[in-house]
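So the structure is just underneath, and the comments pick up after that.
Every number in this text was worked out from the coordinates using simple rules, so none of it is lab data. Owing to the predicted nature of the structure, the values given are computational and were not obtained by experimental measurement. With ideal geometry, Cβ positions are generated from the backbone for all residues, glycine too; neighbour counts draw on all protein chains shown.
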Amino acid sequence: MLRMNLTDASAIVTGGASGIGEASARQLAALGAKVVIADLNEDLGRKVASEIGGMFVKCDVSSEEDGAAAVLAAGEMGPLRALVNSAGLGRAGRTVDRNNDPMPQADFDFVIRINLLGSFNMLRQSAAAMAKTDPLDEDGQRGAIVNMASVAAFDGQIGQAAYSASKGGVVGMTLPIARDLSAVGIRVNTIAPGLIDTPIYGQGEQADKFKAHLGQSVLFPKRLGYGEELAFMVIELITNPYMNGEVVRVDGGIRLPPR
């Protein structure tokens with residue numbers, strides 16, 4: 001049995017301009033895929049797309065129109081075989097703050113809209129395009145989708161109510177969507193990353209010290225994970241024909257404390 005062949009196929013990576021998304025896009029391109037970088041950061045997105053021979057599409061993942069544009073662009077480069085849902089964000093805030101005021105509902109809604117609703121928007125539109133392609137093998141395989149959750153889906157910390165809820169939703173929809181899409185030969189898996197060294201932590205000496213401190217809470221190795229290490233798992237979940245309906249923690253064994 002061979003791994004899923006991505007040569008001359010297209011793939012979409014949301015959040016592909018940096019971090020885990022960028023690393024995933026580069027590894028997909030190295031396997032022969034034509035990658036759409038779907039991101040809001042035009043400068044970085046165009047740079048990555050140019051370097052890997054792909055295409056940049058400015059994309060708010062929660063927008064139906066933007067999602068459709070990314071899928072259309074992918075189809076112009078080849079049959080769509082892979083989606084990596086890597087776009088996401090956090091907005092820390094306690095349910096009730098120190099002044100006993102409630103979290104603004106709009107803050108909670110914003111995180112849910114991007115991380116959960118946005119992931120489903122890109123997934124449903126990409127899956128519809130994949131379902132129209134010819135099968136790749138005798139099993140009827142047509143494509144694979146990898147969602148990005150977080151260990152916060154299981155070990156959410158103080159101030160992470162919105163983020164944990166959004167990522168818990170991504171975890172919760174993995175199996176039922178995998179069951180839905182089994183009829184058309186599309187596999188669905190989710191990764192729950194731990195503490196990963198991405199641009200969210202900033203740059204410079206203070207940022208490096210903070211990341212080194214965070215790394216000490218990881219079981220082993222005692223450091224933040226690299227985007228490339230997450231991308232290794234992305235590629236495994238896409239290309240291994242028997243990986244389906246699973247949520248995989250990639251976290252160095254960390255279990256988050258309350259704070």
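Say the dipole of segment 10-250 comes from +1 at the beta carbon of Lys and Arg and -1 at that of Asp and Glu; which of ALA17, LEU44, MET173 then lies farthest toward its positive end?
Sorting the options by dipole projection puts first MET173.
How do the peptides 11-17, 136-142 rank, highest first, by the average count of neighbouring beta carbon atoms within 10 Å per residue? Write out the running numbers ahead of the final one.
Working: 11-17: 31.3, 136-142: 14.9.
Top to bottom by mean Cβ count within 10 Å: 11-17, 136-142.
Give the peptides 247-254, 28-35 in descending order of average Cβ contacts within 10 Å, highest first. Walk me through the numbers on the way to the answer.
Numbers: 247-254: 17.8, 28-35: 21.4.
Per-residue Cβ counts within 10 Å, averaged per peptide and sorted highest first, yield 28-35, 247-254.
With charges set only on the Cβ (+1 for Lys and Arg, -1 for Asp and Glu), what does the dipole of segment 10-250 come to about its Cα centre, in debye to the nearest 20?
340 debye
Where the centroid of each part is defined by its Cα atoms, how far is segment 122-178 from segment 205-237 in Å?
One Cα centre to the other: 22 Å.
Taking the Cα centre of segment 117-259 as the origin, how large is its charge dipole in debye, to the nearest 20, when only Lys and Arg (+1) and Asp and Glu (-1) carry charge on their Cβ atoms?
I would put it at about 520 debye.
Of the beta bridges DSSP finds with both residues in the chain, what % are antiparallel, to the nearest 5?
Around 5 percent of the beta bridges assigned by DSSP in the chain are antiparallel ones.
Putting +1 on Lys and Arg Cβ atoms and -1 on Asp and Glu Cβ atoms, find which of GLY78, SER119, GLY143 reaches farthest to the positive end of the dipole of the chain.
SER119
Over the chain, how many pairs of lysines fall under 20 Å by alpha carbon, counting only those 8 or more apart in sequence or from different chains?
On the way: LYS34/LYS47; LYS34/LYS58; LYS34/LYS132; LYS47/LYS58; LYS209/LYS222; LYS211/LYS222.
Going through the chain pair by pair, I get 6.
What number, rounded to the nearest 500 deg cm²/dmol, is the helix-based mean residue ellipticity at 222 nm of the chain, given -39500 (n - 2.57) per DSSP H run of at least four residues and division by all its residues?
The per-residue figure over the chain is -13000 deg cm²/dmol.
Would segment 96-254 count as rounded, prolate or oblate if I go by the C-alpha gyration tensor, calling it rounded below 1.5 in a/c and otherwise prolate when a/b exceeds b/c, oblate otherwise?
Because a/c hits 1.5 or more and a/b fails to exceed b/c, segment 96-254 counts as oblate.
Could you tell me how many degrees, from 0 to 90 and to the nearest 10, lie between the Cα long axis of helix 64-77 and the main elongation axis, the longest principal axis, of the Cα atoms of the chain?
Computed tilt is about 40 degrees.
In degrees, nearest 10, range 0 to 90: what is the angle between the Cα axis of helix 227-239 and the longest Cα principal axis of the chain?
Around 40 degrees separate the two axes.
Could you tell me how many degrees, from 0 to 90 and to the nearest 10, lie between the Cα long axis of helix 205-215 and the main elongation axis, the longest principal axis, of the Cα atoms of the chain?
80 degrees
Taking R0 as 25 Å, what's the FRET efficiency between LYS132 and LEU40 from their Cβ-Cβ distance, rounded to 0.05?
For LYS132 and LEU40, the calculated efficiency is 0.35.
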